[in-house]
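*Asks:* Let me begin by handing over the structure; questions about it come next.
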Amino acid sequence: MTEPVNSRMHKAAVNRWLLLAPALVILCFAASGPLLIVLVYSFLQPGDYGGVVWNFSIEAWFNVLFQEDIFDETVTFADAHLSIFWRSVRLSFGTTVMAFVIGFPTAYFIATRPKQQRDMWLLLIIIPFWTNLLIRTFAIMEVIRNEGVINSALLAAGVIDSPIQILFTDFAIMLGMLYVYLPLMVLPIYASMERLDFSIVEAGYDLYASRFKVLRRIILPLVKPGVIAGSILVFVPSLGAYVTPRVLGGGKNLMVGNLIELQFGQGRNWPLGSALAVTLLVIVMVALLFYVRVATKEDIKHG
Amino acid sequence: MADAARSPKAFSLKRQPGFSSLAIACFLMLYAPIVVLVLYSFNAGTSIAIWEGFSWRWYEAAWQNEQIKDAATRSLIVAACATTVATTVATLAGLATTRTGKFRGQTAVFAIINQPLMVPEIVTAVALLIFFAIIKVATGYTGLVYLIAAHAAFCIPFAYLPIRARLEGMDLTLEHAAADLYATPWKTFRRVTLPLLWPGILAGAMLAFVISLDDVVITEFVKTAGQDTLPTYMLGQLRRVVTPEINAISTVFLAISVVLVCIFFFLNRKG
């Protein structure tokens, strides 16, 4: 205790960084660091058999958005890439909306159960979330395939004459992502809903509000942070989905994740793949930053 | 009846029309496909669509399949090593980042620790593919360490969160008391902090284990040929004609995850 305060604080800081070092080293080695290499690779030229040639080039970035005609060298938009980006955004948005439509009432349902029951309902949401994503995608595939449960039941009931093609469509991808990411919508909404003060709801009814008006003007604004959190948590992984579109989209219906993989596999264009990966990363980061801004604003508002 | 429904007593503040049905539909939607999958793992026939009676044959087939055994063993080795590494370093990181005020570089540290939660898996996967390809060429080593390192990295935030939560809720007076009684910092840590922290470490390790066991995308890109884990083996099989063997493996997998998650849930609730 005789040592000066300054040196003691210095010692504490040294200790802190020593304790943090192993985690930071592993993360920089196998998570953060490699991302910088991807950025570097996006400015190089592709090698003939995959890999790169170490020449600076912005060709890959050019190719993300544009394509040059081999014969007359006219430049047009790279429709293939843009349509895949657009499909990814569309499908992710659709998934988020469906997840909200189903997830919001579910969170509300759990939050309005008696206190002893809530944990049990919550566990029922958490279990699927922690079970293998591939297995759950496979489970959905079994249900919607042509010989699957839905089609067999509809055929047996005589509703349809031939199986409806659901598997390998955009709808199948959305359904799969909805199934996989639904808990990510329910959990944050539930977290805000749990703190909902129902005396405010009562006040609404006392003032002759209809049930729908109470929902729209009182409940929804109060749980908005949870809804925003849930939407981002569903939208972001949907945008980068790889397994679900690969299994349920059947190779034709690509999303950005599969397009990136393609460049590292058959495409043999690592720089383009890197540029696409960086693009996806930037879009996701913008979405997350937006979320953080909204979340902190809400925090300030509610003290 | 109509009057009774409108009387203040019968009026439920919490009711919203249709919400309960949608919620029940949601639970059904979450569980029905899993139930179907488990059911067909016991199918006596070779189809995953036509029920031909109960049998254990696909479990026996999976048990005798060398490729599956090989992949399962590799999954367990990678998950066990990654969990050990991730939980250890996450515990140290937890000790470093709690019970102090804000420190310089705190935001950067949290950003790095939570990075695997924010960056899309496919981006990390191709990043590791590139990075490890460079190292593989430079060193000639192609063993399991790459997979273990990659898994350890993305497991760290999952191990870190429950450990940090536990540390933040911990009563510091006991540690101060130990220090007052001339315990060395190491002794205080071992005899006071660690026993109190144990449920958090266990919870973190369990999450890390489940996360590592489940990973498909990063493993698919990092593995060298012939280094299939159970999920990447299954992903490969889905391209072919699927037999209930896949259902059988999935069911065992599900059982392990469900048990671990339930233990985690109750451990956390008590803690």
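*Asks:* As an exercise: evaluate B:S47 against (1) touching a Leu at 6+ places or on another chain (Cβ under 8 Å); (2) within 30 Å of A:L182 (Cβ to Cβ); (3) at pLDDT below 90 and give the number of the one condition it does not meet.
*Replies:* B:S47 satisfies every listed condition except (1).
*Asks:* Contact list please: Cβ distance under 7 Å, first residue in segment A:193-205 and within 11 Å of A:Y108 (Cα to Cα), second residue modelled with pLDDT of 85 or more and in a helix (DSSP H, G or I), pairs at least six apart or on different chains.
*Replies:* A:M193/A:A107; A:M193/A:Y108; A:M193/A:A111; A:M193/A:G226; A:E194/A:A111; A:L196/A:A111; A:L196/A:I219; A:L196/A:L222
*Asks:* So which of A:S83, A:S88 ends up being within 28 Å of A:Y181 (Cα to Cα), among the hydroxyl-bearing types (S, T, Y), modelled with pLDDT of 85 or more and out of contact with any helix residue (DSSP H, G or I) (no Cβ under 7 Å at 6 or more places or on another chain)?
*Replies:* That would be A:S83, the only listed residue that is within 28 Å of A:Y181 (Cα to Cα), among the hydroxyl-bearing types (S, T, Y), modelled with pLDDT of 85 or more and out of contact with any helix residue (DSSP H, G or I) (no Cβ under 7 Å at 6 or more places or on another chain).
*Asks:* If only one of B:F209, B:F221, B:F253 is closer than 18 Å to B:S75 by Cα, more than 9 Å from chain A (Cβ to nearest Cβ) and touching a helix residue (DSSP H, G or I) at 6+ places or on another chain (Cβ under 7 Å), which one is it?
*Replies:* Residue meeting the stated conditions: B:F209.
*Asks:* Moving on. I'm trying to understand the selection: among the residues of segment B:243-271, which are under 30 Å from A:L262 (Cβ atoms) and in contact with a Phe, Trp or Tyr (Cβ under 8 Å, 6 or more places away or on another chain)?
*Replies:* B:T243, B:E245, B:I246, B:N247, B:S250
*Asks:* Tell me whether segment A:247-260 contains one or more residues that are in a helix (DSSP H, G or I), within 14 Å of the chain's Cα centre (by Cα) and over 26 Å from A:I37 (Cα atoms).
*Replies:* no
*Asks:* Something else now. Would it be correct to say that B:A61 is touching a helix residue (DSSP H, G or I) at 6+ places or on another chain (Cβ under 6 Å), outside any loop (DSSP other than H, G, I, E, B) and surrounded by fewer than 16 Cβ atoms within 10 Å (Cβ to Cβ)?
*Replies:* Taking the combined requirement at face value, the residue satisfies it.
*Asks:* On to the next question. Step by step: first the residues of segment A:261-297, then only those that are loosely packed, with under 15 Cβ neighbours inside 10 Å and not in a helix (DSSP H, G or I), then the one that is nearest to the other protein chains (Cβ to nearest Cβ). Which residue is that?
*Replies:* If we take residues in segment A:261-297 being loosely packed, with under 15 Cβ neighbours inside 10 Å and not in a helix (DSSP H, G or I), then A:G265 is nearest to the other protein chains (Cβ to nearest Cβ).
*Asks:* Given the condition surrounded by 14 or more Cβ atoms within 10 Å (Cβ to Cβ), under 30 Å from the mean Cα position of the chain (by Cα) and under 26 Å from A:S88 (Cα atoms), answer yes or no: does some residue in segment A:188-210 qualify?
*Replies:* yes
*Asks:* Take the residues in segment B:224-236 that are in contact (Cβ under 8 Å) with a residue 24 or more places away in the chain and in a helix (DSSP H, G or I); name whichever of them is nearest to the other protein chains (Cβ to nearest Cβ).
*Replies:* B:P231
*Asks:* Shifting gears a bit: Is it the case, given these coordinates, that A:I84 is within 22 Å of A:Q263 (Cα to Cα), in contact (Cβ under 8 Å) with a residue 40 or more places away in the chain, within 27 Å of the chain's Cα centre (by Cα) and crowded, with 18+ Cβ neighbours inside 10 Å?
*Replies:* yes
The values are calculated or read from the model by the stated rules, or taken from the named source; none is laboratory data. Please read all numbers here as calculations on a predicted model, not as lab measurements. Every residue, glycine as well, gets a Cβ built from its backbone with ideal geometry; the counts of neighbours run over all protein chains shown.
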